[in-house]
Amino acid sequence: MKENIQCIGISIQKEKEKGKELFKSLETPILKYGQGMQISLKELDLNTVLAKENEEERMSIDAPKEVRVLHPSELSREEQDWYWEGLVSYKENKFLALHQAILNDARIIIIPKNINCKEPIKIKSHVSKKAKAETIIVIVEQNASAIIIEENSSEKEAHYKSQVIQVYAKEDSSIEFCTLQDLSTETYNFTIKRGRAERNAKISWRDMVLGGKLSQLDVQTNLICPQAQMEASSGYFGKGGQVFDLYSEAKHMSSSTECTLYNRGVLCNGARTVTRGKIIIEKNNSKCKAKQKSDNLIIGKNARCDAVPILEVENDDVSCFHGATITHLDEEQLFYLSSRGIELESAKAMIIAGYLEPIINTFPNEEFQEKIREKIWKRMENEKL
Amino acid sequence: MKKLEIKDLHIEVNGTEIIKGVSLTFQSGKVHALMGPNGSGKSTLANALMGHPKYKITKGHIILDGKDITHEKPNIRANLGLFLSFQYPAEITGVTINNFLRTAVNNKREKKYSIVEFHNLLKEKMKELNIDISFIKRYINEGFSGGEKKKMEILQLSMLEPKYALLDETDSGMDVDAIRIVAEGINKVKQNKDMGIILITHYQRILDYLQPDEVSILFKGKIVATGGQELAKRIEKEGFEGVTK
């Protein structure tokens with residue numbers, strides 16, 4: 001059923017108008033990360049995207065009954081002011097302004113105080129054509145917990161998909177936000193995920209990035225009180241001319257906070273990835289623990305990966321670790337599987353699929369894990385490995 | 001009689017000739033021990049027989065039950081009935097023992113095992129080898145002890161039931177009890193399938209359980225002595241020096 005966007009959002013309508021003004025005033029960003037690392041945007045005309053707004057398709061959210069799912073207009077004025085741009089400013093860059101300008105779907109998910117959701121909240125979003133922008137705001141109240149499982153898909157006619165997700169984790173709460181990005185390789189994708197974790201709250205971001213012509217994933221979390229924790233793990237499988245630009249950041253704004261940034265992916269034949277991880281520990285914040293790691297498997301010709309760790313640590317009384325690996329298929333592993341009668345191509349596929357298992361296993365739901373595996377195997381079909 | 005023959009085999013690794021003209025015949029249903037000091041070329045021979053791309057056969061032939069497999073790919077050799085138990089088995093993250101073995105076993109069979117049938121068979125074989133069932137969910141050899149890796153090789157042997165098994169120092173890194181259990185497992189497959197065993201070892205101990213019908217000594221890439229069990233016993237007493245002089 002087509003929802004009446006007018007009645008849900010005076011604010012959305014206004015947002016869009018503001019977005020359009022902003023969009024005109026901002027320059028297209030250059031995705032340049034030093035040392036020859038640049039992601040080309042020459043094939044993407046953002047003005048065309050603006051004219052391609054898809055107003056018809058809506059995401060579906062299936063949540064346990066104790067969870068509240070609202071449209072933005074149902075928030076009080078004060079709540080709107082507090083949450084709507086709490087962690088994201090649309091002035092940040094032209095992509096975000098464009099998001100605001102074509103915003104056509106927005107929801108607020110509230111997990112009430114002391115509620116421990118046994119069943120996951122399921123979000124599905126499919127784009128069949130044109131350009132679509134969605135905003136999801138998740139508020140996890142004190143001592144509440146939930147798992148969100150999100151599936152993003154698109155048809156090859158879908159040109160552009162933009163998503164802004166904000167997660168507010170209050171004291172003693174925990175939230176796992178898990179996304180399977182299975183868009184068409186013809187779709188441009190820009191996803192911003194921002195989190196704010198209070199005392200003893202934990203935000204876990206889990207992403208599997210499979211689709212998108214150019215897919216940018218930007219995950220940032222502020223750890224604002226002691227014992228706040230953040231985990232961001234992303235897996236990816238890219239092939240052909242796919243380009244992934246993956247960024248994760250943890251800002252330790254309080255002592256005794258913890259983060260783990262981990263990505264692990266496979267790049268086949270012409271795929272390109274830049275993964276950047278940034279850990280910020282401010283001067284007065286001691287006893288913080290931070291880890292970041294990037295593991296990459298390169299297959300075939302012209303695949304390229306750049307892994308960039310960034311540490312901005314101003315306090316000595318902290319523990320930090322970072323590391324990156326870039327490997328190729330191991331001849332001994334291939335021989336081992338071949339010596340058991342498994343054909344070389346199947347052996348390669350087994351090793352590649354296996355390479356992503358440490359990330360798949362971080363997803364909390366077995367059924368969802370199985371779905372991710374199927375999608376990976378499907379993407380390997382007909383691919384020269 | 002069925003046999004695996006190697007005829008005047010020459011093998012190079014990175015341009016250096018390691019095996020310099022070896023001819024041997026391994027009979028079906030028999031145990032042939034291949035012994036020799038470190039660096040004599042035993043593992044090179046085993047890897048080349050299995051078709052490792054790093055080991056280049058420059059001359060000679062490998063004939064399995066009358067079929068020349070000198071230039072076949074490793075998976076074809078495996079499907080024709082050849083098996084190598086590795087001295088240092090590879091670790092493979094993310095590939096579970098269960099999925100790997102089911103793929104490998106079903107690959108050889110016209111009528112594929114169902115998930116349940118396969119699970120029951122695997123469970124039975126693991127019990128025989130005293131391997132905990134929890135291992136089926138573990139990734140191939142990842143985090144395994146030396147002994148566990150070797151047991152896992154023999155589990156694969158007993159699941160795949162090859163015609164000829166090359167066991168490359170299966171006894172190294174294992175305690176006495178593990179050697180006994182593994183040797184019993186090997187004997188069981190041997191009896192069931194009339195399997196030929198090529199046992200590469202430094203030591204007499206495993207030969208107490210897997211009595212060899214023939215013993216050959218490889219030294220500097222060549223066979224320098226062939227005999228029966230008494231030859232292995234002589235090596236135990238005199239060392240390789242006594243035999244290779």
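The values are calculated or read from the model by the stated rules, or taken from the named source; none is laboratory data. Source: prediction; values computed, not measured. Using ideal geometry, Cβ is built from the backbone for each residue, glycine included, and neighbour counts are taken over all protein chains shown. What goes into the accessible areas is simple: the full protein's heavy atoms, side chains included, and nothing from ligands, DNA or RNA. Shrake-Rupley method; radii C 1.70, N 1.55, O 1.52, S 1.80 Å.
Some observations on this one:
- Of the helices (runs of 4 or more DSSP H) lying entirely inside the stretch B:138-216, those containing at least 3 residues that are closer than 15 Å to B:E128 by Cα are B:146-160, B:176-193.
- Per-region count, the stretch B:112-148, residues away from every other protein chain (no Cβ under 14 Å), farther than 22 Å from B:R180 by Cβ and of a type in the set (S, T, Y): 3
- Residue within the stretch B:63-74 that is more than 13 Å from chain A (Cβ to nearest Cβ), on the phi < 0 side of the Ramachandran plot and in contact with a Ser or Thr (Cβ under 9 Å, 6 or more places away or on another chain) present: yes
- Scanning the stretch B:48-90 for residues being part of a strand (DSSP E or B), surrounded by 16 or more Cβ atoms within 10 Å (Cβ to Cβ) and of a type outside the set (S, T, Y) gives a total of 7.
- Counting only residues that are open to solvent by less than 60 Å² (accessible area, probe 1.4 Å) and not aliphatic (A, V, I, L, M), the stretch B:114-133 holds 3 of them.
- Condition check for A:S215: in contact (Cβ under 8 Å) with a residue 40 or more places away in the chain and assigned to a strand (DSSP E or B): no
- Single unsatisfied condition, A:I279 versus (1) in contact (Cβ under 8 Å) with a residue 40 or more places away in the chain; (2) surrounded by fewer than 21 Cβ atoms within 10 Å (Cβ to Cβ); (3) under 22 Å from A:A201 (Cα atoms): (2)
- Residues of the stretch A:197-209 classified as surrounded by fewer than 24 Cβ atoms within 10 Å (Cβ to Cβ) and outside any strand (DSSP E or B), total: 3
- A:N296 closer than 22 Å to A:S40 by Cα and either acidic (D, E) or not in a strand (DSSP E or B) (or both): no
- Close pairs (9 angstrom Cβ cut-off, 6 or more residues apart or separate chains): within 14 Å of chain B (Cβ to nearest Cβ) in the stretch A:358-371, open to solvent by 40 Å² or more (accessible area, probe 1.4 Å) and assigned to a helix (DSSP H, G or I) anywhere: A:I360/A:R373
- The lone exception for B:I136 - which of (1) over 27 Å from B:L4 (Cβ atoms); (2) open to solvent by less than 40 Å² (accessible area, probe 1.4 Å); (3) at pLDDT 95 or above it fails: (3)
- Test: residue in the stretch B:139-147 that is touching a helix residue (DSSP H, G or I) at 6+ places or on another chain (Cβ under 6 Å) and aliphatic (A, V, I, L, M): yes
- Some residue of the stretch B:213-226 being more than 27 Å from B:I69 (Cα to Cα) and either open to solvent by 10 Å² or more (accessible area, probe 1.4 Å) or not basic (K, R) (or both): no
- Cβ-Cβ under 7 Å pairs, at least 6 apart or on other chains, the stretch A:285-310 side closer than 21 Å to A:G36 by Cα, far side buried (at least 16 other Cβ atoms within 10 Å of the Cβ) and of a type in the set (D, E, K, R): A:D295/A:R264; A:R304/A:R272; A:V308/A:R276; A:I310/A:R276; A:I310/A:K278
- Residues located in the stretch A:84-100, provided they are open to solvent by 20 Å² or more (accessible area, probe 1.4 Å) and aromatic (F, W, Y): A:W84
- B:K108 vs. criteria among the basic types (K, R) and more than 10 Å from chain A (Cβ to nearest Cβ): no
- Residue count for the stretch B:91-108, restricted to those that are modelled with pLDDT under 95 and in a loop (DSSP other than H, G, I, E, B): 0
- Taken together, the residues in the stretch A:1-28 that are modelled with pLDDT of 85 or more and either basic (K, R) or outside any helix (DSSP H, G or I) (or both) amount to 7.
- Any hit, the stretch B:177-184, residues being under 13 Å from B:V31 (Cα atoms), touching a strand residue (DSSP E or B) at 6+ places or on another chain (Cβ under 8 Å) and open to solvent by less than 70 Å² (accessible area, probe 1.4 Å): no
- Exactly one residue among A:A133, A:A197 is more than 20 Å from A:L70 (Cα to Cα) and aliphatic (A, V, I, L, M), and that residue is A:A197.
- Total residues in the stretch A:325-357 satisfying the condition of being part of a helix (DSSP H, G or I) and open to solvent by less than 40 Å² (accessible area, probe 1.4 Å): the figure is 16.
- Only listed residue being out of contact with any helix residue (DSSP H, G or I) (no Cβ under 9 Å at 6 or more places or on another chain), among the acidic types (D, E), modelled with pLDDT of 95 or more and within 30 Å of A:N302 (Cα to Cα), chosen from A:E231, A:E198, A:E249: A:E249
- Every condition in (1) open to solvent by 10 Å² or more (accessible area, probe 1.4 Å); (2) free of Cβ contacts under 8 Å to residues at least 40 places away in the same chain; (3) closer than 18 Å to A:V313 by Cα is met by A:C225 except one, and the failing one is (2).
- A:I376 falls short of the stated requirement of being within 12 Å of another protein chain (Cβ to nearest Cβ), open to solvent by less than 40 Å² (accessible area, probe 1.4 Å), under 24 Å from A:S184 (Cα atoms) and touching a Ser or Thr at 6+ places or on another chain (Cβ under 6 Å).
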